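The values are calculated or read from the model by the stated rules, or taken from the named source; none is laboratory data. The model shown is predicted, which means the values in this text are computed figures rather than measured ones. Note that each Cβ is placed from the backbone with ideal geometry, even for glycine, and that neighbours are counted across all protein chains shown. Each accessible area value is taken on the protein alone, full model and side chains, heavy atoms only, with ligands, DNA and RNA left out. Shrake-Rupley method; radii C 1.70, N 1.55, O 1.52, S 1.80 Å.
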Amino acid sequence: MDQEQLHKEFKRIFQRPAERVFFSPGRVNLIGEHTDYNGGHVFPCAITFGTYGLVARRDDHQIVCHSLNFEQDGLKAFSTETIQYEEEDGWLNYIKGMVKYLQEEAGQIVKGFDFLIYGNIPNGAGLSSSASIELLVGVIVNQLADLQLDPIQLVKLGQKVENAFIGVNSGIMDQFAIGMGQAEQAIFLDVNTLEYELVPAEFGEYCLLIMNTNKRRELADSKYNERRSQCEAALKKLQAELSINSLGDLTEAEFEQNRYLIDDETLEARAKHAVYENVRTIKAREALSGNDLMTFAQLMNQSHDSLREDYDVTGIELDTLVEAAREQDGVLGARMTGAGMGGCAIALVHKRKLEQVQEAIAERYTSEIGYSPDFYVANVGAGTQEIPR
């Protein structure tokens, strides 16, 4: 759906024209999975799929929302003066939570607006549709109400919505990538300090293929919180002897020398992934900075294998996609991206082989899983912003 169609839809639904248009991307994480809440590094980028928001200001305190992705829900509204989490509100809670924390941060109640939302990120695919809408609302309210909050504040508030309002114990990676993304740049981020480096995401003759399992994953209902608590338990055992703040503080050698302290096979495996994945992410930044795609792809492969064997968050759908991709001529490497348990995988694919690679993967996946995957060629895009009409 293009901008012209979205403006027509806004006028049809709200009986007046939209005043401004905003776009907030989704993200893929190139490598560094489940490291963000373990004090390590991540390496995400914003993509050109995302969420559009069209707005027109109101004189009252009502925010009236309509999502073209959930047409059956019709108009949903709430007052900026009284905001509470309501389970039955579903996707509206992400908007409510962001407005609540924006107001608390700025120390003022904001006026309302009519709000049309349309996302071309597949819902439940693990490409951060929730963080996309959080930052979309953050930028819209920040600009409409002239709150003068900086981008990092908006990123932190987006994470707070997930943690405190929705109840998902997630890290800051998704919001950071979406709020701070730059076109054709990946973000190498230290989640301890929020220090980051932009690294050119230039793949030359190759492109980034997103492969959607079409198995929906709901973050709040997944193994996510369980994995986080397991890593915290492993860290606590290590801290009995080691002066560390997070698993990301350890080198591979330091982990191997001290893993006996954990004394639990499952917790050891979880901690091993967090430590080794952080090291892989640092190596991946070096490889991409030096345009060494072969090494970068090998690290992608190692990442997926660790997520399957040590972290146990892949599942048959993601494993089948990744295995099928790796078998194809023209594919350098492949791995799951996001929290796992469904969602998407990514592959580095030669542009000339793109069509036949997709056909071969789809054939095997459909044969083994029983339904077909979807594919998207991802371009690395800019972060959340207002876009001209």
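In table form, for the structure just shown:
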| quantity | calculated |
| --- | --- |
| Failed item, numbered, when LYS236 is tested on (1) charged (D, E, K, R); (2) within 22 Å of the chain's Cα centre (by Cα); (3) at pLDDT 95 or above | (2) |
| Contacts under 8 angstrom Cβ, first residue in the range 82-101 being without any contact (Cβ under 8 Å) to a residue 40 or more places away in the chain, partner open to solvent by 40 Å² or more (accessible area, probe 1.4 Å) and part of a helix (DSSP H, G or I), 6 or more apart | ILE83/LYS100; GLY90/ASP73 |
| Options LYS215, LYS236; residue that is out of contact with any His (no Cβ under 7 Å at 6 or more places or on another chain), within 30 Å of GLU359 (Cβ to Cβ) and open to solvent by 70 Å² or more (accessible area, probe 1.4 Å) | LYS215 |
| Residue in the range 147-161 that is assigned to a helix (DSSP H, G or I), surrounded by fewer than 19 Cβ atoms within 10 Å (Cβ to Cβ) and of a type in the set (A, V, I, L, M, F, W, C) present | yes |
| Residues being out of contact with any His (no Cβ under 6 Å at 6 or more places or on another chain) and either modelled with pLDDT under 95 or outside any strand (DSSP E or B) (or both) - total across the range 55-101 | 30 |
| Number of the exception - GLY290 against (1) open to solvent by 50 Å² or more (accessible area, probe 1.4 Å); (2) within 22 Å of GLY126 (Cβ to Cβ) | (2) |
| When residues of the range 323-360 are limited to those that are hydrophobic (A, V, I, L, M, F, W, C) and over 25 Å from LYS223 (Cβ atoms), the one nearest to the chain's Cα centre (by Cα) | LEU348 |
| Restricting the range 13-34 to residues that are among the basic types (Lys, Arg) and surrounded by fewer than 21 Cβ atoms within 10 Å (Cβ to Cβ), the residue that is nearest to LEU307 (Cα to Cα) | ARG20 |
| Residue list for the range 260-279, restricted to those being open to solvent by less than 20 Å² (accessible area, probe 1.4 Å) and either over 17 Å from GLN230 (Cβ atoms) or among the β-branched types (Val, Ile, Thr) (or both) | ILE262, VAL275 |
| Selection count, the range 35-66, where residues are open to solvent by 10 Å² or more (accessible area, probe 1.4 Å) and either closer than 23 Å to THR295 by Cβ or acidic (Asp, Glu) (or both) | 4 |
| Any chance LYS353 is out of contact with any helix residue (DSSP H, G or I) (no Cβ under 7 Å at 6 or more places or on another chain), farther than 24 Å from TYR224 by Cβ and open to solvent by 20 Å² or more (accessible area, probe 1.4 Å) | yes |
| Output for the range 130-182, where each listed residue is without any contact (Cβ under 8 Å) to a residue 60 or more places away in the chain and β-branched (Val, Ile, Thr) | VAL141, ILE152, VAL155, VAL168 |
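Here's the yes/no breakdown for (1) in contact with a Phe, Trp or Tyr (Cβ under 6 Å, 6 or more places away or on another chain); (2) without any contact (Cβ under 8 Å) to a residue 60 or more places away in the chain; (3) more than 18 Å from LEU208 (Cβ to Cβ):
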position: LEU267; (1), (2), (3): no, yes, yes
position: GLU277; (1), (2), (3): no, no, yes
position: ASP292; (1), (2), (3): no, yes, no
position: MET300; (1), (2), (3): no, no, no
